[in-house]
Amino acid sequence: MSKIIADRYARAFYEQTEKAGTSGDVKADMDALRDLHRQSAPFARLLTDPVISATDKKKVLTACFADKLTPPTLTFLEFLAEKKRLALLPVMAACYVELYLDARGQLPASIESRVPLSESQIGKIRERFRALMGADIIPEMIVNPEMLGGFRVKIRNTIYDHTVESKLLKFKRSIINY
């Protein structure tokens, strides 16, 4: 249910910023807010804490971001605080970025691997998926030291698993079924 609500807010905000010609700047803000939410426990707590009043949340957001975010983004955050929807900001930001990239023929993708991939490796993956999907992918790298090796690509709701674990599992199944 919250994903549906977040999508509606993100879609309305995206349409408004697209008409105003500020969607590119706002997309950068949304990326920054998503990163901040992942990296800062106090910021995540501010968004979700029901004890903090909407007025106090607006004051904190304005004080922290007045010179760092574009005016449309700051106004949007204040609006979300008034409507008590700040907890949905990370989902809204992801929806906004997806809408922005979709409009430009690009797909957000997460690439998970054991070690950071080189630019040439990422380029090869992007080329392969460009041919497969018919659109350019915009990768977000996730390093997972628990993986044995290989990589996993997630585009929307589809996972392309090229990990050592999946290859071993397929091999095991083929031996058992032989």
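A short reminder: the numbers here are calculations on the coordinates, not readings from a lab. Small disclaimer: the values here were computed from a predicted structure and weren't measured. Glycine also receives a Cβ, built like all others from the backbone with ideal geometry; neighbour counts cover every protein chain displayed.
Helices that extend 15 Å or more along their long axis by alpha-carbon positions and average at least 0.0 on the Kyte-Doolittle scale are, among the DSSP H runs of the chain, 54-65, 71-82, 89-103. Close amide H contacts of G150 (hydrogens built in the peptide plane, cut-off under 5 Å, sequence separation of 5 or more or a different chain): R114, V164.
Legend: calculated FRET efficiency, R8 to N177, from the Cβ-Cβ distance at R0 = 35 Å, rounded to 0.05, equals 0.15.
Over 24 Å between Cα atoms, which of K3/K27; K3/K68; K3/K83; K3/K154; K19/K59; K27/K58 qualify? Provide the component values of the computation, followed by the final result.
Details: K3/K27 19 Å; K3/K68 27 Å; K3/K83 16 Å; K3/K154 18 Å; K19/K59 28 Å; K27/K58 21 Å.
As for pairs spanning more than 24 Å Cα to Cα, those are K3/K68; K19/K59.
Ranking N177, Q16, M1 by Cα position along the charge dipole of the chain, where only Lys, Arg, Asp and Glu carry charges on their C-beta atoms, puts N177 farthest toward the positive end.
Using a simple spin-label model with pseudo-atoms 7 Å out from Cα toward Cβ, A32 and T158 lie 3.4 nm apart. Candidates T70, A28, L88 compared by Cα position along the dipole of the stretch 2-102: farthest toward the positive end lies L88, with charges placed on Cβ.
Distance between the C-alpha centres of the stretch 112-178 and the stretch 1-67: 31 Å, rounded to the whole angstrom.
What ranking, highest mean first, results for peptides 141-147, 87-93, 104-110 when packing means the other Cβ atoms within 10 Å averaged over each residue?
On the way: 141-147: 11.4, 87-93: 22.0, 104-110: 15.6.
With the highest mean Cβ count within 10 Å placed first, the list reads 87-93, 104-110, 141-147.
Show me the ranking of peptides 53-59, 31-37, 94-100, 73-79 by mean Cβ neighbours inside 10 Å, starting with the highest.
Details: 53-59: 14.6, 31-37: 16.9, 94-100: 21.4, 73-79: 19.0.
Taking the mean over residues of other Cβ atoms within 10 Å, the ranking is 94-100, 73-79, 31-37, 53-59.
State the extension gain, in nm to one decimal, for the chain segment bounded by K68 and M1, taking 0.36 nm per residue of separation less the distance between their alpha-carbons. Mind showing how you got there, number by number?
Details: separation 67, 0.36 × 67 = 24.12 nm, distance 3.12 nm.
Answer, rounded to one decimal: 21.0 nm.
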